[in-house]
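Trainee: Below is the structure I would like to discuss, written out as structure tokens.
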Amino acid sequence: MSTAEPTTTESRAPAAETIELSVVIPCLNEAESIEIVVAKARRTMERDGIHGEVVVADNGSTDGSPELAKRAGARVVHESRRGYGSAYLAGFDAARGTYILMGDADDTYDFTQLGRFLGPLHDGADMVIGNRMGGLRPGSMPWLHRYVGNPVLTGVLNLFFRTGVSDAHCGMRAFRRDLLPALDLRTTGMEFASELVIRSSKLGLDVREVEIEYHPRKGESKLSSFADGWRHLRFLLVHSPTWLFLVPGAALVVLGALMGIIVMTGAEFIGRVWDVHALIAASLTTIVGTQVLQIGMFGRAYAAYYLGEHDPLFDRIRDRLRLEHGLIAGGLVLLAGLVMCVVIAAAWLSRGFGELSEQKLAIIGMTLVVVGIQVVFGSFFLSVLGLSRRDAPSDELAGGRDQKSHQRS
Ligand SMILES: Nc1nc2c(ncn2[C@@H]2O[C@H](COP(=O)(O)OP(=O)(O)OP(=O)(O)O)[C@@H](O)[C@H]2O)c(=O)[nH]1
Ligand SMILES: [Mg+2]
């Protein structure tokens, strides 16, 4: 939530208890359009008999936008921190309606259609998101956003979080204001749009879509294709340990194991037989894959313990596996590796430290030793993450066996 206490310029604000809809508009230097947009929203609410208010959240505009917004009948909130998300957080704090409708100040969204968002909310939806893709007016969206940015980022978002939303960056949305504490929105930039969709999906909200039109903007765009695109992607990645770590980690382990099998069986691959160099690559791939996998597990544990995320897979694993299971598994891998290394060393010793040409077995033995050590310490670390939760009873630190739900590996 916004930390800076926003200052409000009151202008024809209806009594709080009568407000059904707060139209919240973020604004940064939108003098060309802000008056039009505010007037459209106000006129439409009057026309449709909706008791509402228009809140403009300004981010330090230098072109007189706040004054224009106020003149058009909006309540203006000033937020000192830059960014689309910051502006919205300040606007949401100031909003007093039962429902909030969000939309840009650049006249790209048609505020005369706001009733189409309110309808599903009256029908019981928690959130309504516009879908612009069927209603793009010529010149409204550059091809890079239309065919690359939006589909790729919406696709990644749905792959990672299965939200089912078709146009995840549509800026026109409406939702119940009482959901804000549960939504717990924090991001300050354009990635705020993704955060809202992901949080709604994680909360299992009833999210519906409405087809809308998207018009060419007035004034200068505040969106920076690559910087903002990256901010979205970065946000999606760091909120999905599964796709950031577990999937690539598992892929590396499988790749390393396959390479190892090809070398050890002497099978032909791409027209040739592979030897010790390929086995070294296989070993390193497996080791790094195990590391990445473990970081993913730590990430999921952190999200479950500290971010309060509901994670059925993690819960299931935690219910079935204890620290000791991890220690036994890691210990067995370590032991297998040690046995291989000792056998090779013994054979070498029996030859009076003479010729030694057991590179392949030695590489496999050492790989198992390294992986085993990682699993042992990784299991302890997972346990430490669980133990250090504030609600953990203090005697868990002693590793009490009866701490069923906490002492897990
Ligand atoms: N980027 C940015 N936008 C802000 C900020 N504060 C308010 N905004 C407003 O956020 C809304 C969205 O920004 P736009 O530039 O329209 O971004 P966009 O809709 O993704 O891109 P366009 O299709 O080019 O309009 C506009 O109403 C901006 O005025 C800020 O600090 N940074
Ligand atoms: Mg816009």
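The values are calculated or read from the model by the stated rules, or taken from the named source; none is laboratory data. These numbers were taken from a predicted model, which means no experiment stands behind them. Please note: Cβ atoms are built from the backbone with ideal geometry, for glycine as well, and neighbour counts cover all protein chains shown.
Trainee: Could you check, for the stretch 264-281, whether at least one of its residues is surrounded by fewer than 18 Cβ atoms within 10 Å (Cβ to Cβ) and under 25 Å from Phe377 (Cα atoms)?
Mentor: Checked against the condition, which is being surrounded by fewer than 18 Cβ atoms within 10 Å (Cβ to Cβ) and under 25 Å from Phe377 (Cα atoms), the stretch 264-281 yields at least one hit.
Trainee: I need a count of the residues in the stretch 146-177 that are farther than 21 Å from Leu136 by Cα and acidic (Asp, Glu).
Mentor: 0
Trainee: Within the stretch 194-209, identify whether any single residue is among the β-branched types (Val, Ile, Thr), closer than 24 Å to Asp58 by Cα and more than 12 Å from ligand 1 (Cβ to nearest atom), and answer yes or no.
Mentor: yes
Trainee: Turning to a different aspect of this structure: If you go through the stretch 29-56, how many residues are assigned to a loop (DSSP other than H, G, I, E, B) and buried (at least 22 other Cβ atoms within 10 Å of the Cβ)?
Mentor: 1
Trainee: Same structure again: Which of the residues belonging to the stretch 76-112 are away from ligand 2 (no atom under 16 Å from the Cβ) and under 22 Å from Arg137 (Cα atoms)?
Mentor: Thr112
Trainee: Take Arg217 and tell me if it is within 11 Å of ligand 1 (Cβ to nearest atom), more than 27 Å from Ile19 (Cα to Cα) and at pLDDT below 95.
Mentor: Taking the combined requirement at face value, the residue does not satisfy it.
Trainee: Which pairs turn up if I take residues in the stretch 171-194 that are among the basic types (Lys, Arg) and look for partners that are within 12 Å of ligand 1 (Cβ to nearest atom) and part of a loop (DSSP other than H, G, I, E, B) with beta carbon separation below 9 Å, at least 6 apart in sequence or on another chain?
Mentor: That search, which allows pairs on different chains as well, returns Arg173/Gly103.
Trainee: In addition: Can you tell me which condition Cys170 does not meet? The list is (1) at pLDDT 95 or above; (2) away from ligand 1 (no atom under 16 Å from the Cβ), and all the others hold.
Mentor: Unmet for Cys170, out of (1) at pLDDT 95 or above; (2) away from ligand 1 (no atom under 16 Å from the Cβ): (2).
Trainee: Being within 16 Å of ligand 2 (Cβ to nearest atom), farther than 30 Å from Thr62 by Cβ and not hydroxyl-bearing (Ser, Thr, Tyr) is the requirement here; does Glu213 meet it?
Mentor: yes
Trainee: Here is a further query. Quick check on my filter: what residues within the stretch 42-90 are in contact (Cβ under 8 Å) with a residue 60 or more places away in the chain, within 16 Å of Met102 (Cα to Cα) and under 26 Å from the mean Cα position of the chain (by Cα)?
Mentor: Listed by number, the residues that qualify are Gly83, Tyr84, Gly85, Ser86, Ala87, Tyr88, Leu89, Ala90.
Trainee: So Met133 clears everything in (1) in a loop (DSSP other than H, G, I, E, B); (2) at pLDDT below 95 except one condition, right? Which one?
Mentor: (2)
Trainee: Taking only pairs six or more apart or across chains, which ones have beta-carbon atoms under 7 Å, a first residue in the stretch 101-124 that is among the aromatic types (Phe, Trp, Tyr), and a second residue that is part of a loop (DSSP other than H, G, I, E, B) and within 11 Å of ligand 2 (Cβ to nearest atom)?
Mentor: Between residues of the stretch 101-124 that are among the aromatic types (Phe, Trp, Tyr) and residues that are part of a loop (DSSP other than H, G, I, E, B) and within 11 Å of ligand 2 (Cβ to nearest atom), the close pairs are Tyr109/Gly103; Tyr109/Gly171; Tyr109/Met172; Phe111/Gly103.
Trainee: While we're on this one: Tell me which of these Leu246 doesn't satisfy, since it passes every other one: (1) touching a Lys or Arg at 6+ places or on another chain (Cβ under 8 Å); (2) within 15 Å of ligand 1 (Cβ to nearest atom).
Mentor: (2)
Trainee: Name the single residue, out of those in the stretch 107-134 being touching an Asp or Glu at 6+ places or on another chain (Cβ under 6 Å) and under 22 Å from Leu21 (Cβ atoms), that is surrounded by the most Cβ atoms within 10 Å (Cβ to Cβ).
Mentor: Of everything passing the filter in the stretch 107-134, Ile129 is surrounded by the most Cβ atoms within 10 Å (Cβ to Cβ).
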